[in-house]
Amino acid sequence: MVKEIQARTILNAVKQPDTWFGLRYNMNLYRGCQHQCIYCDSRSECYQIEDFSEILVKINALELLKKELARKRIKGVIGFGSMNDPYMPVEAIHNMTGRALEIIAQYRFPVHILTKSDLVLRDIPVLQQIAKIYAAVTLTITTADDRLAKSLEPGAPPPSRRFQAIQTLAANGILTGVAMMPILPFLEDSDENITAIVERAHACGAKYILPAFGMTCRDRQREYFYNKLDQHFPGMRQKYEQRFGNRYGCDSSRAARLDQLFRQLTDRFGIARRMPVYQFDRHTQLSLF
């Protein structure tokens, strides 16, 4: 179900420093997410989203964006994708993200987009315009296996299409890389999966890969995740309960080994493990954390 709502504000300040993506602001044009990834932390009670499958479109967001950008004095990176995917299927109809990027280009702000969708390719022309200042697109890829991804991320395009999107973005001069997170214990934390992601990302022109060898798990998120494990992976819930109990952080038991392998692979291919981020000064330059 899709509904239209009115928002009070649209740009939110990000706690500094943001060591992942270098954001100063983030923005959610929608509430809820159609990708329905079974592990999504946004189902947690703290976010107060009662029905995560209901999509709310902030219909006045673009008007608010114009007003709020006009008042900003610091040209920090605006992030898309913190609580939902900015390119989920509803975006093909409403074009909120595409129109927001046009506004951001007019005000000459830098952007970072986090997505699982190749719909981002639609907006290459405006991203190229923003890239004169700074534009980065990070594709989340947690498995290189399309069949496994269908169970874990049922509403999202398969990883094969995401790799193709990376290749197209890179070919068009857009800084792009991979968020290799979360890597789910017992399901994705194999040497083979990590190797496949890194090798394919390199082949497609990814400049960086950001890893997390584990997941977070709490309250409603855990309940939903465990129900889906029972549905798709019988017996897997018991492994999680035995190893992690009610812990929030659920790191893979193989995290140290996977990190070592990841470093070896990224060193071999010359892929950064932190992304080049925008820093505003009179000369406007990129730097590495």
Taking the Cβ of I271 as the centre, find all other residues whose Cβ is under 11 Å away and add up their charges (Lys, Arg: +1; Asp, Glu: -1). +3
Just name one of I49, I78, M181: the one whose Cα is farthest towards the positive end of the charge dipole of the stretch 2-270 (beta-carbon charges, Lys/Arg +1, Asp/Glu -1). I78
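As a quick test, which of the pairs K15/K228; K116/K228; K3/K116 have an alpha carbon distance above 25 angstrom in this structure?
From K15/K228; K116/K228; K3/K116, over 25 Å: K15/K228.
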Under 5 Å between amide hydrogens, which residues at least 5 positions from A179 or on another chain qualify, with H placed 1.01 Å from N in the peptide plane? L139, T140, I141, L210
The local net charge around T19, scoring Lys/Arg +1 and Asp/Glu -1 for residues other than T19 whose Cβ lies under 15 Å from its Cβ, equals +3
Let me know the shape class of the stretch 154-289, please: from the alpha-carbon gyration tensor, a ≥ b ≥ c as square roots of the eigenvalues, rounded when a/c is under 1.5, otherwise prolate if a/b is greater than b/c, or oblate. prolate
Debye log10 I(q)/I(0) for the stretch 2-270, one point scatterer per Cα, at q = 0.13 Å⁻¹: -0.88
Send over the Kirkwood Rh of the stretch 1-138, from the inverse of the averaged 1/r over different Cα pairs, rounded to one decimal Å. 15.2
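Is there a quick way to get the dipole size of the chain? I mean about its Cα centre, with the Cβ of Lys and Arg at +1 and of Asp and Glu at -1; what is the value in debye to the nearest 20? Could you put the intermediate results ahead of the total?
Working: 39 positive and 30 negative charges, 193 e Å.
Value, rounded to 20: 920 debye.
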Overall form of the stretch 9-60 per C-alpha gyration tensor (a/c, 1.5; a/b vs b/c): oblate
Taking the stretch 1-100, which trypsin sites (Lys or Arg not before Pro) meet the DSSP loop condition and have no more than 10 other C-beta atoms within 10 Å? R8, K15, R73
In whole Hz, the Karplus estimates of ³J(HN,Hα) for the stretch 70-78 (6.51, -1.76, 1.60; θ = phi - 60°; x where Gly or Pro) are 4, 8, 6, 9, 10, 7, x, 5, 9
Virtual spin-label span in nm between S160 and E241, 7 Å along Cα→Cβ: 3.7
Pairs of alpha-carbon atoms within less than 8 angstrom and 6+ residues apart define the contacts here; what relative contact order does the stretch 2-270 have, in percent? 17
Mind pulling the per residue volume of the convex hull built on the Cα atoms of the stretch 92-228? Å³ is fine. 121
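Taken together, the values in this text are just the output of simple stated rules run on the coordinates, not laboratory data. Since we're looking at a predicted model, the values are computed, not measured. Cβ coordinates were reconstructed from backbone atoms using ideal geometry, including for glycine residues, and neighbour counts include every protein chain displayed.
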